[in-house]
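**Q** Would you mind keeping the following structure in view while I ask a few things?
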Amino acid sequence: MKVAFFSAKSYDREFFDPFNGKDGLNITFYDTTLNAETTNLSENSEVVCAFVNDQLNTKVIKQLAQNGVKLIALRSAGFNHVDMKAAAEHNIPVVRVPAYSPSAVAEHAVALILTLNRKTHKAYNRIRESNFSLERLTGFNLNGKVVGVIGTGKIGVAFCKIMLGFGCKVLAYDPYPNEELKTIGVEYTECFHLMSQSDIISLHTPLTPETKHLINKKSIAGMKDGVMIINTSRGALINTKDAIKGLKKKKIGYLGIDVYEQEEGLFFNDLSENIIQDEVIMRLMSFPNVLITAHQAFFTREALEQIAKVTIGNILDFKNNLSLKNEVEVGN
Ligand code: NAD
């Protein structure tokens, strides 16, 4: 079975290559992202394997169907970049990796918090220049602070547990509260109440029409002055322009993001010799209290192993006409 593998990076090849040529799978790796201009690469492949910034819109899916593609195998948990209706219309099931390492993402959210707070990135640069001054490196104790967690699925649960370990008071909002978290001291509350009470707000919901721009002018206005906002989920949970206004007014004291609304075409690429045309990210990058990482929260050895294993398992299930346990169901 031929698999057209898009957005292939060296680390993808490292973890998927051991499966290539085995169990009747023939994987062709393409560096390019999948979009309307590159769908021709899927000709004669029954499977397309895609990541978060590949475009799987109506037009692309129609072209994939015409090329004979029978399965879309996502290497991600999120599937907001797939037009599920179009996939269903063309009878192409979509499979994903529902959980590859919730701890990896939760731990990265904590890394953003600690770095923004204790400014270790600035200290590192200072020390390299023999600047041993502590001026402007003041942080705050996490112990006793209120942390608001929006979305307590797999990653949110892991994150709550870490923050409880720091001695934080953890508030949570999720339409489906987690009973275990309640027993260990997490307090569920309404979303806007959570935002008004929290020193740190961390987002762990999928991107859906309801969660799009959850962080916006109105919700920011209701937050504590100097709030820290952390987003390791999906860029469009935050209205970036509103966040920039919040930063300029000093309402937002810290912003840590691993995802960005317009990250496609930027993230995962070395653009160090390019002129970046995106004014919004350039403005964000100019704030001393904004920390951006390029969608690396998932990026641990354990997660990459799991992504490869589960993706290959998903493709083999399809090849062997087994039930697709990781198929995305509409309403998932
Ligand atoms: P999950 O499905 O286990 O949990 C999501 C939770 O969000 C669920 O409990 C759900 O009830 C809740 N939710 C849904 N709508 C909500 C709303 N309106 N308000 C509050 N909560 C709501 O997913 P997960 O594995 O914990 O992943 C969460 C998100 O993290 C994914 O959707 C994905 O976008 C993102 N993610 C990012 C990376 C990264 O590298 N940055 C990696 C993996 C996942």
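**Q** Just for the Cα atoms in the stretch 224-332, what are the lengths along the principal axes, largest first, rounded to whole Å?
**A** Largest first, the stretch 224-332 extends 57, 38, 25 Å along its Cα principal axes.
**Q** How many nm is it between the label spots at Glu279 and Ala99, if each spot is 7 Å from the Cα in line with the beta carbon?
**A** Using points 7 Å along Cα→Cβ, the separation is 4.4 nm.
**Q** Once a ≥ b ≥ c are taken as the square roots of the eigenvalues of the Cα gyration tensor of the stretch 26-99, is the result rounded (a/c under 1.5), prolate (a/b larger than b/c) or oblate (a/b not larger than b/c)?
**A** Judged from the Cα gyration tensor, the stretch 26-99 comes out rounded (a/c under 1.5).
**Q** Exactly which GluC sites (Glu not before Pro) in the stretch 231-273 are in a DSSP loop and have at most 10 other Cβ atoms within 10 Å?
**A** Here the sparse-neighbourhood loop sites are Glu273.
**Q** Taking a cut-off of 20 Å between Cα atoms, list the lysines near Lys169, but don't count ones fewer than 8 places away on the same chain.
**A** Straight-line reach from Lys169, under 20 Å: Lys145, Lys154, Lys161, Lys182, Lys224.
**Q** How much length is gained if the chain between Asp225 and Asp31 is pulled fully straight, taking 0.36 nm per residue apart and subtracting their Cα-Cα distance, in nm to one decimal?
**A** Extra length from Asp225 to Asp31 when fully extended: 65.5 nm.
**Q** Under unit Cβ charges (Lys, Arg +1; Asp, Glu -1), what dipole magnitude, rounded to 20 debye, does the stretch 96-166 have relative to its Cα centre? Working shown, then result.
**A** Values: 10 positive and 3 negative charges, 11 e Å.
Dipole of the stretch 96-166, to the nearest 20 debye: 60 debye.
**Q** Under the rule of -39500 (n - 2.57) per DSSP H run of 4 or more residues, summed and divided by the residues of the chain, what mean residue ellipticity at 222 nm is obtained, to the nearest 500 deg cm²/dmol?
**A** -9500 deg cm²/dmol
**Q** Something else now. Leaving out ligands and nucleic acids, note down the accessible area per residue over the chain with a 1.4 angstrom probe, in whole Å². Don't skip to the answer; put the middle values down first.
**A** Numbers: 16320 Å² over 332 residues.
Accessible surface, normalised per residue, equals 49 Å².
**Q** On each of the three principal axes of the Cα atoms of the stretch 135-243, give max minus min coordinate, whole Å, ordered largest first.
**A** 43, 36, 21
**Q** Let me ask something else. For the chain, build the charge dipole from Cβ charges (+1 Lys, Arg; -1 Asp, Glu) around the Cα centre, then report which of Asn53, Ala73, Thr33 sits farthest towards its positive end.
**A** Asn53
**Q** For Asn20 and Glu264, calculate 0.36 nm times their separation in residues minus their Cα-Cα distance, and state this gained length in nm to one decimal. Please report the intermediate quantities before stating the final value.
**A** Details: separation 244, 0.36 × 244 = 87.84 nm, distance 2.77 nm.
Between Asn20 and Glu264, full extension yields an extra 85.1 nm.
**Q** For Ser323 and Ala88 in the same chain, what is the full-extension length gain: residue separation times 0.36 nm, less their Cα-Cα distance, in nm?
**A** 83.0 nm is the gain from fully extending Ser323 to Ala88.
**Q** How much of the accessible area of the chain, probe 1.4 Å, is carbon plus sulfur, in whole percent? Intermediate values should be presented prior to the final figure.
**A** Values: 8240 of 16320 Å².
The computed percentage sits at 51.
**Q** May I ask for the angle, rounded to the nearest 10°, between helix 301-319 and the longest principal axis of the chain, with both axes built from Cα atoms and the value confined to 0 to 90°?
**A** With both axes taken from Cα atoms, the answer is about 30 degrees.
**Q** Here's another thing I want to ask about it. So what's the angle, to the nearest 10 degrees on a 0 to 90 scale, between helix 102-118 and the longest Cα principal axis of the chain?
**A** Roughly 30 degrees between the two axes.
**Q** If I ignore ligands, DNA and RNA and count only protein heavy atoms, how much of Ser133 is accessible to a 1.4 Å probe, in Å² to the nearest 10?
**A** We get 50 Å² for Ser133.
**Q** Next question, about the same structure. How much net charge surrounds Leu134 when only the other residues with a Cβ under 14 Å from the Cβ of Leu134 are counted, with Lys and Arg +1 and Asp and Glu -1?
**A** After counting each charged neighbour, the total is +4.
**Q** Let's test the formula: R0 of 25 Å, r as the Cβ-Cβ distance of Phe166 and Ile127. What FRET efficiency results, to the nearest 0.05?
**A** Taking R0 as 25 Å, the efficiency between Phe166 and Ile127 is 0.50.
**Q** Report, to two decimal places, the Cα Rg of the stretch 102-292 normalised by 2.2 N^0.38 Å (N = number of residues). List each step's numbers first, then the result.
**A** Details: Rg = 16.6 Å, N = 191, 2.2 N^0.38 = 16.2 Å.
Dividing the Cα Rg of the stretch 102-292 by 2.2 N^0.38 Å gives 1.03.
**Q** Can you pull a Stokes-Einstein diffusion coefficient for the chain at 25 °C (0.890 mPa s), Rh from Kirkwood over Cα pairs, as a whole number of µm²/s?
**A** Translational diffusion coefficient: 116 µm²/s.
**Q** Starting from the Cα gyration tensor of the stretch 85-197, take the square roots of the eigenvalues, sort them a ≥ b ≥ c, and report rounded, prolate or oblate (rounded when a/c is under 1.5, otherwise prolate if a/b is larger than b/c, else oblate).
**A** oblate
**Q** Give me D for the stretch 211-267 in µm² s⁻¹, whole number, from Stokes-Einstein with Rh from the Kirkwood sum over alpha-carbon pairs, 37 °C and 0.692 mPa s.
**A** Values: Rh = 11.3 Å.
The diffusion coefficient I find is 291 µm²/s.
**Q** Enumerate by residue number the GluC sites (Glu not before Pro) in the stretch 63-135 meeting two conditions: DSSP loop (anything except H, G, I, E, B), and at most 16 other Cβ atoms within 10 Å of the site's Cβ.
**A** When the GluC sites (Glu not before Pro) of the stretch 63-135 are filtered for loop state and at most 16 Cβ neighbours within 10 Å, Glu129, Glu135 remain.
**Q** Now for a different question. Using unit Cβ charges (K, R positive; D, E negative) and no other charged atoms, how large, in debye to the nearest 20, is the dipole of the chain about its Cα centre? Kindly include the intermediate steps, with their values, before the conclusion.
**A** Numbers: 37 positive and 36 negative charges, 223 e Å.
So the magnitude is around 1080 debye.
**Q** Quote the relative contact order of the stretch 102-292 in percent (integer), defining contacts as alpha-carbon pairs under 8 Å separated by 6+ residues.
**A** Taking the mean separation of contacting Cα pairs over the length of the stretch 102-292, I get 18 percent.
**Q** Something else: Identify the trypsin sites (Lys or Arg not before Pro) of the stretch 66-173 meeting these criteria: DSSP loop state and at most 15 other C-beta atoms within 10 Å of the C-beta.
**A** Arg136
**Q** A follow-up question, please. Only bridges whose two residues both fall in the chain count here: according to DSSP, what percent of them are antiparallel, nearest 5?
**A** 5
The values are calculated or read from the model by the stated rules, or taken from the named source; none is laboratory data. In this text the structure is predicted, and so the values were computed from the model without any measurement. With ideal geometry, Cβ positions are generated from the backbone for all residues, glycine too; neighbour counts draw on all protein chains shown. Side chains are part of the model used for accessible areas, which takes the heavy atoms of the whole protein and leaves out ligands, DNA and RNA. Shrake-Rupley method; radii C 1.70, N 1.55, O 1.52, S 1.80 Å.
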